[in-house]
Structures are given as structure tokens and as C-alpha cells.
Amino acid sequence: MACNKKPFQMTDDEIKKEISVPGIHTAEKFDVASLFAIVTNILKPATIAADNVFRGTKQQHMEIKGERVIATSFIPPLCTLKELSYEMVCKDPSEETAYKTTKSILEKLKDYSWHVKAVLTLAAFTLDYGDFCRHLDQFHSSDQLTKSMGILKGIPALLTRPSIDHNHEGAIVEVNKLIKDTLNVIDCIVTLEERSVKYNPKDVPALSIATDNISVYVFWAIITVVVCTTRMCCLIKDERKTQELSRFAEKINVTHVKLKLQIQLCNEEIEKIEAYWKLIRFLKEPLDIVEVLKVLFFANDSRQQVKVFPNELILEAVKTKKVLLFFSGLDVDNITEYVSILNPIYEKVTSNNEYKIVWIPIVEQWTIEMQKKFELLRSKMSWFVVQNFSSISAIKYVKEQWHYKNEPIIVALNSQGTVEHYNAVHMIKIWGPSAFPFTHRRDEELRKREDWFGSLMIEFSTDISTWIKEEKHIFFYGGKDSTWIKEFCKEATGLANDDVKGARISLFNVGKDSGIQRRFWKLIDNFFLYKSHMVTDVDTVTKEIQKLLSYKNEKGWVVLCKGARLVFSGYGSTVLTVLKNFDEWKQCLKESAFSFEACLEKYYNEQLRKDGLPCRDFDIPKIDGLLIPDCRKCPDCSEIMEMSIRFKCCHQNQRGFNLNCCHNNGHATKVQLKEKVSPVSLVCGMTVTAACESHCQNKC
């Protein structure tokens with residue numbers, strides 16, 4: 001039976017299971033702080049008194065440091081304490097009996113939380129032990145009341161017994177020490193409970209670990225109080241059979257060491273979270289940019305001394321200036337690309353001396369290899385560089401408040417230190433110096449530009465800039481099928497040479513150069529990420545980007561622009577059919593009030609309906625910090641697109657492997673392996689694929 005169990009033969013998990021008495025802690029509002037303050041105020045001088053008598057010491061009753069406050073309205077639960085005291089006294093001195101008594105106490109206190117159970121049990125012991133020690137200290141006084149009460153407590157038997165020096169002195173000192181140690185353990189338990197009320201375990205993980213075993217710690221504290229009570233009863237009655245305490249003393253000491261270590265870990269984490277909260281409060285209403293950089297770069301919790309290049313005068317240099325804080329890791333290829341993006345920005349802001357750029361690499365641990373990468377990247381930069389950015393609170397702030405997720409971010413601050421853009425990296429990658437002054441307001445203006453496509457295409461050829469100024473109709477085209485490209489080029493060129501009403505046509509083959517093609521799709525990817533980063537609703541521009549992304553692996557695709565404005569984009573095969581059938585709608589164009597681009601789009605849509613809308617799908621690269629929406633609407637039919645995950649592995653021979661799952665209205669799953677590769681050797685990247693089949697006549 002459970003009552004006959006020996007606790008020293010039980011594991012912590014077994015103890016937890018045995019003492020898990022069902023209860024709902026209805027007495028949570030009990031003022032345990034005041035009760036524990038009283039217990040501490042009694043036991044500390046009481047144990048000093050016992051030591052003075054039985055060890056011959058002359059300790060003074062010192063003032064208790066850090067004394068807890070006792071509420072003036074506190075009423076002690078005397079009935080409960082008396083009941084617990086009665087439960088513990090005059091018991092058979094055995095480990096099994098102590099276990100049974102402890103189980104009974106826990107049952108009586110099932111409505112109290114664990115730390116309260118421990119304090120109430122110790123308080124019940126203190127009622128008798130404190131009174132015993134007080135009369136022990138004053139037994140030889142002439143006060144008759146004190147002397148009489150001492151006799152009732154059994155003090156004369158202890159003080160006048162001839163064998164006291166040899167048989168009982170050590171035993172009483174042992175009880176006294178064990179009570180002090182148990183008080184320390186319960187003090188730790190109460191401290192942990194106070195911490196758990198004040199702090200969220202998510203912010204202080206060590207607190208969760210510490211409180212996970214709190215029931216076991218309370219069990220050993222209570223059973224130790226029980227055996228101390230039994231030992232005192234045996235001593236007063238001078239019984240030969242007595243309660244052994246050595247194993248309990250050893251257990252309490254081990255428990256105390258564990259609790260002190262856990263409290264130390266909690267305090268370290270609390271110090272970090274307090275510094276973080278202080279930083280949050282400060283940066284909510286900053287005074288100026290200098291103060292902001294001080295608390296970020298030179299915080300007290302920095303693990304290493306911060307170095308600033310090219311010199312240490314960064315705080316002087318940024319006075320009254322706006323600042324772009326560039327946070328990243330040390331991926332050489334990735335950061336080198338960002339350096340090339342930021343160089344034109346640096347040239348622009350340096351010319352007007354309004355901005356300063358600061359690169360702050362976030363590195364968990366600096367190694368020789370990391371140092372080499374840092375030096376290589378630093379040599380490519382003309383702006384300020386901060387090394388050993390190691391403030392725990394500042395890094396936490398950058399990650400949680402500015403959402404740094406291992407991908408580079410650029411935080412724009414004004415001269416007062418207020419954030420003007422939490423991440424200007426996307427707008428800078430797309431618009432370059434045109435993103436100036438890098439504020440959210442400027443970002444919104446750029447997002448609403450109708451000439452976005454043409455503006456992005458200018459970098460590929462000076463001819464494009466000329467065609468845009470001349471408001472020409474520009475066909476941008478590309479694809480995987482060289483035969484289709486030649487055929488389209490022939491038909492479109494013929495159309496350009498024809499006398500078409502209102503049409504002045506120019507062509508640009510995106511696929512004519514592999515370098516241009518890679519840059520083109522990277523630009524479209526970046527623009528999609530740029531839009532997805534801030535915009536949750538799917539606007540017209542986002543729909544067009546989604547369409548463009550879905551053409552990436554098509555045999556052919558076409559984008560028609562009027563000047564810089566994108567008119568429409570389409571599947572290459574359908575556009576080619578429309579151009580071949582130009583004679584069918586040529587007369588209509590002459591007779592109608594529609595423009596060339598409007599007629600072409602109209603006949604394209606009609607032809608697309610005849611051919612049947614193909615499945616629309618596109619990939620979104622997995623990037624840390626990018627929030628992928630739970631659903632995305634199809635740019636064609638506005639139905640919710642299906643989302644799946646594609647794993648892709650690119651090898652040295654540049655041949656691809658991918659696994660693409662396409663679900664047909666919840667039916668069978670089709671899996672396509674483009675190339676067989678041993679799964680053991682795969683190091684895969686992940687993309688999210690959005691697909692729409694609700695309008696698709698030719699299912700995947």
C-alpha cells in the first residue's frame with residue numbers, strides 16, 4: 001500500500017504520482033507571505049536560543065535582514081495549524097510512518113497551492129518549537145509563569161537529565177540545524193512562487209524548469225518537518241527508539257543546493273528580461289539618435305567590448321543625422337549583394353550629408369572563421385561598422401521588436417531616434433536611391449505606382465527608357481521553348497511593321513541572355529516579397545506579380561506595356577494564337593473606339609476561355625521573417641489557392657530534383673520526381689507553392 005512506501009526508495013516521478021491529490025486550490029487568496037514572515041521571525045531567534053543553550057554559544061538575537069512585511073489585517077489560520085500540529089506529534093519514529101503522516105497532511109491541505117502547503121506545515125511546527133525555545137531560553141528566570149510553562153514543555157527533563165551532554169545535546173542540535181535548513185528550502189520555494197507570479201515562464205524559461213519539480217521539493221520539506229517533530233517528541237519522552245535524521249538532512253541539503261542554483265539561473269534570466277523591458281520603455285519615446293545608439297551598442301549587458309570602424313566617434317558623427325541600421329549575419333555572398341545594393345544609397349546620402357549608414361552583424365559566437373568573414377565584408381564597406389554587438393537585451397529587441405529573423409533588415413531612424421521604417425530593405429532592393437527618404441510614407445507612395453513594371457525594366461536596356469518616354473507598346477517576352485520564342489518574335493515583328501491603328505510596337509526578349517533572365521526573375525521575386533511584406537490584401541499589382549511568377553516555368557509568356565504601365569500579361573501559346581489571328585480582329589480594331597492594347601487584351605481573354613484556363617501555380621521562396629498568409633486568392637478566378645510545400649535540391653551539375661504535390665479536389669495525390677536522386681545525399685531548400693485548379697479544365 002502507498003502508506004507503507006519508503007520515500008528514499010522512490011523516484012521523483014513516483015513521488016509526484018503519489019502526492020498528486022486532486023484539488024482546485026480554492027485557498028489561493030490566503031496571505032502566505034505574512035504567515036511565512038511570522039514563521040521566519042520566530043524560527044530564526046528560536047534556533048539561536050537553542051544553539052546558545054545546548055552548544056554553549058552566545059549568539060545575539062540579531063535583526064533579521066530582508067524581513068518580510070506582515071499585513072496588519074493578517075489573521076493566522078489557528079485551527080488549521082493546530083490540526084496539523086496534532087497530525088504530527090507523538091508518532092512512531094519510522095520512515096513509513098513519516099510518509100503516511102505527510103500524505104495525510106497533503107490530503108488535508110489539498111485546496112492550497114504547493115508553497116502554501118509547505119509554509120502551513122512549518123508554521124504548525126513553529127507553534128510548538130518556537131514556544132519550546134522561548135521557555136528553554138528563559139527557564140532559569142524567576143518568573144513563575146515562564147517556569148511553569150517550561151515544565152509543561154518538558155524542558156526540565158532535558159536540562160536536568162545527567163546524560164544530556166552525551167546523549168541528547170547532539171540530537172537537539174541536529175534537529176535545530178535541520179529546521180534551519182528546512183526553513184531555507186521553504187524560503188527558496190516561496191521565492192520561486194513569487195517569481196512565477198511576477199514573470200511569464202516564456203520570458204524566464206528557468207522558472208518553468210524550477211517549478212516543474214516544486215511538488216517534490218515541498219514533499220521533502222514537509223516530511224522533514226514531520227520527522228523533526230517526531231525526534232523532539234522522542235527526546236522529551238526520553239524514548240530509546242528515536243527518529244533518524246541523517247538521510248533527511250542530506251536530502252534537504254541536496255534540495256537546497258538545487259533550489260539555490262535554480263533561483264540563480266532565474267535571477268540571471270530576470271536580469272536580462274528586466275534590461276530588455278527597460279530598453280523597450282526607453283525606445284518608446286527616445287530623446288535623440290545618440291541616446292538610442294548608446295543603449296543599443298554600449299549596454300551594460302554586452303558580453304564583449306564593442307568596436308566601431310573606421311573610428312570610435314560614431315556617436316559624434318550621427319548627431320542631428322538620420323541613420324540606416326543594417327543588421328545581418330556574415331553570409332559573404334548574401335551580404336556582398338547587399339553591399340552592391342547599398343553603395344548607390346551611400347553615395348546619395350553622403351552627398352547631402354543627411355544620413356549615416358551603420359552595419360551591425362549579429363553573431364552568436366565569434367570564431368576565427370567568423371572574424372575572417374567579418375574582415376572581408378568590412379573591407380567592402382565605406383560606412384560605419386560595429387563589431388561585437390553582443391548586448392543580450394539589444395539583440396533580443398532587434399529580433400522581437402524589429403523582427404530580425406536571420407535575413408538582413410535595414411531600420412531607418414530619424415534624428416530623434418524614432419523608427420521611420422522597420423525594414424526598408426525591400427523598398428531599397430526594388431527602388432534603390434528612389435526609395436529616399438526611406439520612410440513608411442515613401443514606401444506607400446512607391447507601392448501605388450502604376451508604372452512599377454516599366455520602372456523596373458529600365459535597368460535592362462537604355463532602349464527601354466526611350467520606348468517608355470515615347471509611350472510605345474512594348475512586348476516583353478521569354479520562356480523555356482526556343483521554338484515558341486522565334487515564332488512569337490516573327491509574328492510580333494510582323495505586327496509592328498504593319499500599319500496597326502494606334503500601335504507603335506517594340507519588342508524586348510528577356511530570355512535572349514541568361515544573365516538578364518536570372519536578373520529579371522530575381523527582380524520579380526523581390527517585388528513579390530516587397531509587396532507581401534506589408535500588403536495583406538491582394539491588389540491589382542499583386543495579382544499581376546502572381547501571374548508573372550506562375551509563368552516562370554512556362555514554354556512562353558508575354559507582358560504588354562503601354563509606356564511604363566503594364567497592360568496585361570499572358571500565356572505565350574494563347575498570345576501567339578491571338579497574334580496569328582490578327583486579321584480576325586484587325587477590322588474590329590479599325591471600326592471600334594478601343595485602343596490597340598484594349599483590343600488585344602479583349603481577344604486574349606476570349607481565346608483563353610476557349611482554350612481553357614490552365615492551372616495557375618507559383619513558388620514562394622522560404623525566407624526567415626517572411627509571413628506567408630494562410631490563404632491567397634487566384635489572380636484569375638479569385639478562388640482560394642491550394643497551398644503545398646515543394647522540396648528542391650540543386651546539385652553541382654545544376655540538374656534539378658523536386659517533389660511537387662498537386663491535389664485534385666481532395667482526391668488522389670500526384671507526385672512527380674523529375675530526377676531520381678538518393679535521398680541520403682539531399683540537402684534541400686524549401687518553397688511554398690500556391691496553386692489554383694478550380695478553373696482548370698486540364699487537371700494536373
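Only the coordinates and a few stated rules stand behind these numbers; no lab work does. The shown structure was predicted, so the numbers you read here are calculated from the model rather than taken from an experiment. A quick note on method: Cβ atoms are made from the backbone with ideal geometry, for glycine too, and the neighbour counts reach across all protein chains shown.
For residue 350 and residue 282, a Förster radius of 35 Å and the Cβ-Cβ distance give a FRET efficiency of 0.70, rounded to the nearest 0.05.
Take each peptide in 572-578, 523-529, count the other Cβ atoms within 10 Å of every residue, and average; sorted highest first, the result is 572-578, 523-529. The Cα center of the stretch 271-309 and the Cα center of the stretch 347-364 differ in position by 19 Å.
Near residue 260, which lysines are there with a Cα under 17 Å away, not counting those fewer than 8 places off in the same chain? Within the straight-line cut-off, residue 260 pairs with 180, 251.
Would you work out the charge dipole size for the stretch 289-445 about its Cα centre, treating the Cβ of every Lys and Arg as +1 and the Cβ of every Asp and Glu as -1, and quote it to the nearest 20 debye? Working shown, then result.
Details: 18 positive and 18 negative charges, 49 e Å.
I would put it at about 240 debye.
Using Cβ point charges alone (K and R +1, D and E -1), the dipole size of the stretch 449-611 about the Cα centre works out to roughly 300 debye. Net length available on complete extension from residue 83 to residue 300 is 72.9 nm, with 0.36 nm assigned per residue and the Cα-Cα distance removed. I want to verify the translational diffusion coefficient of the stretch 366-463 in µm²/s; compute it with Stokes-Einstein, Rh as the Kirkwood radius over Cα pairs, at 4 °C and 1.567 mPa s. D = 80 µm²/s.
In terms of distances greater than 22 angstrom between alpha carbons, the cross-link table entries 322/522; 562/586; 547/602; 284/319; 522/543 yield 322/522. So what does the Cα-only Debye profile of the stretch 230-284 read at q = 0.12, 0.23 Å⁻¹, as log10 I(q)/I(0), no solvent term? Each listed q maps to, in turn, -0.55, -0.86.
3J(HN,Hα) along the stretch 250-256, derived from phi through the Karplus expression 6.51 cos²θ - 1.76 cosθ + 1.60 where θ = phi - 60°, amounts to 4, 5, 5, 5, 4, 4, 5 Hz, with x in place of Gly and Pro.
Multiplying the residue separation of residue 247 and residue 481 by 0.36 nm and removing their Cα-Cα distance gives an extension gain of 75.9 nm. For residue 567, the residues whose modelled amide H falls within less than 5 Å of its own, excluding neighbours fewer than 5 places apart on the same chain, are 560, 561, 562.
Cβ under 11 Å from residue 481's Cβ, residue 481 left aside: what net charge do those residues give with Lys, Arg +1 and Asp, Glu -1?
Details: positive: 480, 486, 555; negative: 487, 554.
That works out to +1.
Karplus-derived 3J(HN,Hα) values for the stretch 602-615, using 6.51 cos²θ - 1.76 cosθ + 1.60 with θ = phi - 60°, are 4, 6, 5, 4, 5, 5, 5, 5, 5, 5, x, 5, x, 4 Hz; glycine and proline are entered as x.
Can you tell me the FRET efficiency between residue 606 and residue 340 if r is taken as the Cβ-Cβ distance and R0 is 56 Å, rounded to the nearest 0.05?
0.80
A simple count of charges around residue 323, restricted to other residues whose Cβ falls under 14 Å of its Cβ and scoring Lys, Arg +1 and Asp, Glu -1, yields 0. Note on residue 445 and residue 316: the model spin-label points, each 7 Å out from Cα along the C-beta direction, lie 3.5 nm apart.
A Stokes-Einstein calculation at 37 °C with viscosity 0.692 mPa s, built on the Kirkwood radius of the stretch 449-611 over Cα pairs, returns a diffusion coefficient of 202 µm²/s. Net length available on complete extension from residue 526 to residue 264 is 89.6 nm, with 0.36 nm assigned per residue and the Cα-Cα distance removed. Taking amide H as placed 1.01 Å from N in the peptide plane, the amide H of residue 385 sits under 5 Å from that of 309, 359, each at least 5 places away or on another chain.
Using θ = phi - 60° in the Karplus curve 6.51 cos²θ - 1.76 cosθ + 1.60, the 3J(HN,Hα) couplings for the stretch 327-342 round to 9, 6, x, 10, 6, 4, 4, 5, 6, 4, 5, 5, 4, 5, 6, 7 Hz; x is entered for Gly and Pro. Close amide H pairs (under 5 Å, H built 1.01 Å from N) link residue 504 with 473, residues at least 5 positions away or on another chain. Note on the stretch 223-378: dipole from Cβ charges, positive end direction compared against 290, 226, 262; the farthest Cα belongs to 226.
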